[in-house]
Amino acid sequence: MDREFTEEFACSIFRFRKVGVAFSTKLDMHVGELFIMKKIAEDTAGSDHTVRISDIQSSLFITKPAVSQMLNSLERKGYIKRGINTKDRRKIVITLTPEGLAVMDTMQEHADKKTREVISRLGEENAKQLVELFNRFADICEELKTDISFQDEDEN
C-alpha cells in the first residue's frame, strides 16, 4: 500500500475528529453532553429516573470516566440533578432540570440544522454511503483493538 496514501488517510481521520460538530459558544455545551442529556431523557421517561453510567457509556461508546466528567460538568451548569434512589441506595437518580431541558431542546434544534446542512451539501446518497463506511470503519477498528495477534505485532 502506498505510504503517502496511508498518511493522507490518517491525517483525514484526525482532521475530521478535530472539526467535530460546531455548536454556538453561548450554549456552553459540547456534543457529548447533548448526547448524555438525550440518553438521560430517554432512560428516565416514565421511570424512577434511575440511570446507569454503564448504560450511558456503552450506548454512546465513551469511557466511564468521560461520562462521570460530563455529568459533573452538566451538574455544575445546572442542567442535571443527581441524588440517591430511595428504593435502592446503590443507584443514582439523575434528572434533567427545566433549564437542562430547554438547553437540550435548543442544542438539538441546532444539531439538526447543522446535520441537515451537511447532508444537503454532501447529497443524501453520499451521506448514506458515508454512514455505512463510518460504521464499517468503526467495526474494523474495534476488531483490531481486540485482536490479540495484531496487538502482539505492535509491541514488537
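The values are calculated or read from the model by the stated rules, or taken from the named source; none is laboratory data. Since the model is a prediction, treat every value here as computed from it, not as a measurement. Cβ: placed from backbone, ideal geometry, glycine included. Neighbour counts: every protein chain shown.
Listed values, structure above:
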| item | result |
| --- | --- |
| Near pairs, Cβ below 9 angstrom, 6+ apart or cross-chain, from the stretch 89-103 (crowded, with 18+ Cβ neighbours inside 10 Å) to any residue that is at pLDDT 90 or above and among the hydroxyl-bearing types (Ser, Thr, Tyr) | Leu96/Tyr79; Gly100/Tyr79; Val103/Tyr79 |
| Residue check for Lys128: touching a residue at least 60 places away in the same chain (Cβ under 8 Å) and either charged (D, E, K, R) or more than 27 Å from Asp28 (Cα to Cα) (or both) | no |
| So Gly46, is it in a loop (DSSP other than H, G, I, E, B), farther than 28 Å from Leu130 by Cα and modelled with pLDDT under 80 | yes |
| Test: residue in the stretch 119-128 that is among the basic types (Lys, Arg) and within 19 Å of Phe35 (Cβ to Cβ) | no |
